[in-house]
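Chemist: The structure that follows is given in the form of structure tokens.
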Amino acid sequence: MTDVAVGGMKSAWQVALQQYDRAADKLNLGPAVREVLRYPKREVTVHFPVQLDDGSSRVFTGYRVWHNLARGPAKGGMRFHPESDLDEIRALAMLMTWKCGVVGIPYGGAKGGVDVDPRLLSRNELEHLTRRFASEIAILIGPERDIPAPDLGTDAQIMAWIMDTISMHSGHSVTASVTGKPVDVGGSEGRQEAAGRGVTYLSLEALKYLHIEDETPTVAVQGFGKVGASTARLLTEAGLRVVAVSDSRGGVYNSKGLDLEALLEHRQVRGGVSGFKKAEDVNNEELLALPVTVLLPAASENQITQANADRVQARLVTEAANAAVTPEADRVLHDRGVVLVPDILANAGGVIASYFEWVQDLQAFFWEEEEVNTKLHHIITRAFYDVLHTSVNKRVDMRTAAYVIAVQRVANATTVRGIYP
Ligand code: NAD
């Protein structure tokens, strides 16, 4: 594990350690447990061949990392992304440990991925790749050990293929081995939109805290994918005005508000949001600097940095994408009075609903969507106020407060299990 910055940019793992160290300092953690939490418990790298449609074959590389399992089995997304590497997956596994800790659900943190651009594969190739990868890491996966979920570049279908592969290895259906599956094979009602629903609940709660609920708050969403699109719709339903959205090809802006249904149709035809007639095109840098009430980075890591944080005009940033805001940008936003709801709290709706899905699969007893949403609202709102109170009492920003709560819970579990003094 390198601690050396490449080309002046901190690696994802360095950033994760920096966030952790800040919380460990605040908590005055003992040296033994402090060191244990600085390392992932297990890292698996696999290289596996996949036969392509033209008869040739190609070797792909995949990873699965467990960070800390003191509070329960490993839980975390599986991403198919061309820039996935071990450093990033390791950082995201640690983030999952804190995410489960801060919202108080009984899991440890994990993450996995394959270094691949899924858009370049046919459906047949994607299924072969998924099944082969699942076989390679099958020794790790299972309801009591490690439960993957969708992430960047993966979806419910891919989860169904993983579940089916694990079930074939076991000789019976093991529906609780993955979450984010289709409802037809043991998925949960409400899971698909849960991350966006959590982002929505917390954005509304934070606006209440900021006492700006009487205006019509405006919203810009960077990343119009699973999380960004559902959050945009839910916030519109809640009475906010979504004025800008973007995807990897560019964005669109209309200060009077976007017609999201028409925009989704446009994207269906054009493959992206750019060129939408009822709005002007903006690039991603311009979108981040728009005069809006709420900014939702819902795309990928390192989008708000020291270089652009001083241009953010929003009063609230809800960090829907993992690690979208760098530690340096955190400081700039905090100094400028911009409230940040940090990733481990903001997007925890996905893992909370995954927890519900796992519980339902284990009990073979399924809930109505309303029950899922009500329980999600309860857990994530309680966590928000835990973080807010810690932030006020300890006079730290919301990210540090979230980390302080999460790290303390994981350190307690690690220590009380008696493994480390
Ligand atoms: P997704 O693949 O469905 O959507 C990502 C979107 O971001 C796409 O529209 C893509 O075009 C866009 N994008 C990529 N790079 C961009 C850039 N530089 N500028 C603007 N747009 C860009 O992924 P998702 O599931 O919505 O995940 C988004 C983020 O939320 C990720 O960080 C993921 O880890 C996190 N997250 C997702 C879930 C979930 O349940 N899906 C849960 C928790 C956290």
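Chemist: Which residue is least open to solvent (accessible area, probe 1.4 Å), if the candidates are limited to the range 14-73 and must be acidic (Asp, Glu) and closer than 24 Å to SER122 by Cα?
Modeler: ASP53
Chemist: Hey, another quick one. Tell me, please, whether a residue that is among the small types (Gly, Ala, Ser), touching a residue at least 12 places away in the same chain (Cβ under 8 Å) and away from the ligand (no atom under 15 Å from the Cβ) can be found in the range 103-115.
Modeler: Checking the range 103-115: at least one residue is among the small types (Gly, Ala, Ser), touching a residue at least 12 places away in the same chain (Cβ under 8 Å) and away from the ligand (no atom under 15 Å from the Cβ).
Chemist: Moving on. When residues of the range 285-308 are filtered for being within 9 Å of the ligand (Cβ to nearest atom) and on the phi > 0 side of the Ramachandran plot, how many remain?
Modeler: Looking only at that region, the number is 0.
Chemist: Pairs please, first residue from the range 373-387 and within 14 Å of CYS100 (Cα to Cα) and among the aromatic types (Phe, Trp, Tyr), second anywhere and in a helix (DSSP H, G or I) and open to solvent by 70 Å² or more (accessible area, probe 1.4 Å), Cβ atoms under 9 Å, 6+ apart in sequence or on different chains.
Modeler: Close Cβ pairs satisfying both conditions: PHE384/TYR209.
Chemist: Among all residue pairs at least 6 apart or on different chains, which show Cβ distances below 8 Å where the first residue, located in the range 250-270, is of a type in the set (S, T, N, Q) and the second is open to solvent by 70 Å² or more (accessible area, probe 1.4 Å)?
Modeler: ASN254/LYS278; ASN254/GLU280
Chemist: Within the range 300-341, restricting attention to residues that are touching an Asp or Glu at 6+ places or on another chain (Cβ under 6 Å) and not in a strand (DSSP E or B), which residue is least open to solvent (accessible area, probe 1.4 Å)?
Modeler: Going through the qualifying residues, I end up with GLU319.
Chemist: Let me ask something else about it. I'd like the full set of residues that are touching a residue at least 24 places away in the same chain (Cβ under 8 Å) and away from the ligand (no atom under 15 Å from the Cβ), limited to the range 332-359.
Modeler: VAL332, LEU333, HIS334, ARG336, VAL338, VAL339, LEU340
Chemist: Something else about it: Here are some conditions: (1) among the polar types (S, T, N, Q); (2) within 16 Å of the ligand (Cβ to nearest atom); (3) modelled with pLDDT under 95. SER274 meets all but one. Which one does it not meet?
Modeler: Condition (3) is where SER274 drops out.
Chemist: Residues of the range 242-262 being of a type outside the set (Gly, Ala, Ser), more than 18 Å from ALA320 (Cβ to Cβ) and away from the ligand (no atom under 11 Å from the Cβ), which ones?
Modeler: VAL252, TYR253, ASN254, LYS256, ASP259, GLU261, listed by residue number.
Chemist: Check LEU202 against each of (1) within 16 Å of the ligand (Cβ to nearest atom); (2) surrounded by fewer than 22 Cβ atoms within 10 Å (Cβ to Cβ) and name the one condition it does not meet.
Modeler: (2)
Chemist: Select, from ALA134, ALA93, ALA74, the only residue that is more than 20 Å from the chain's Cα centre (by Cα) and closer than 28 Å to LYS226 by Cα.
Modeler: None of the others qualify; the one that does is ALA134.
Chemist: Taking the range 134-157, which residues are surrounded by fewer than 24 Cβ atoms within 10 Å (Cβ to Cβ), among the small types (Gly, Ala, Ser) and more than 8 Å from the ligand (Cβ to nearest atom)?
Modeler: Listed by number, the residues that qualify are SER135, ALA138, GLY142, ALA156.
Chemist: Could you please let me know if GLY196 is open to solvent by less than 10 Å² (accessible area, probe 1.4 Å) and either within 16 Å of the ligand (Cβ to nearest atom) or free of Cβ contacts under 8 Å to residues at least 60 places away in the same chain (or both)?
Modeler: Taking the combined requirement at face value, the residue satisfies it.
Chemist: Could you tell me which of the residues ALA238, ALA244, ALA262 is open to solvent by less than 30 Å² (accessible area, probe 1.4 Å) and within 24 Å of the chain's Cα centre (by Cα)?
Modeler: Result: ALA244 is the single residue among ALA238, ALA244, ALA262 that is open to solvent by less than 30 Å² (accessible area, probe 1.4 Å) and within 24 Å of the chain's Cα centre (by Cα).
The values are calculated or read from the model by the stated rules, or taken from the named source; none is laboratory data. All values derive from a computational prediction rather than experimental measurement. Positions of Cβ are generated from backbone atoms using ideal geometry, with glycine treated the same way; all protein chains shown enter the neighbour counts. Surface areas here come from the heavy atoms of the whole protein model, side chains and all, with no ligands, DNA or RNA. Shrake-Rupley method; radii C 1.70, N 1.55, O 1.52, S 1.80 Å.
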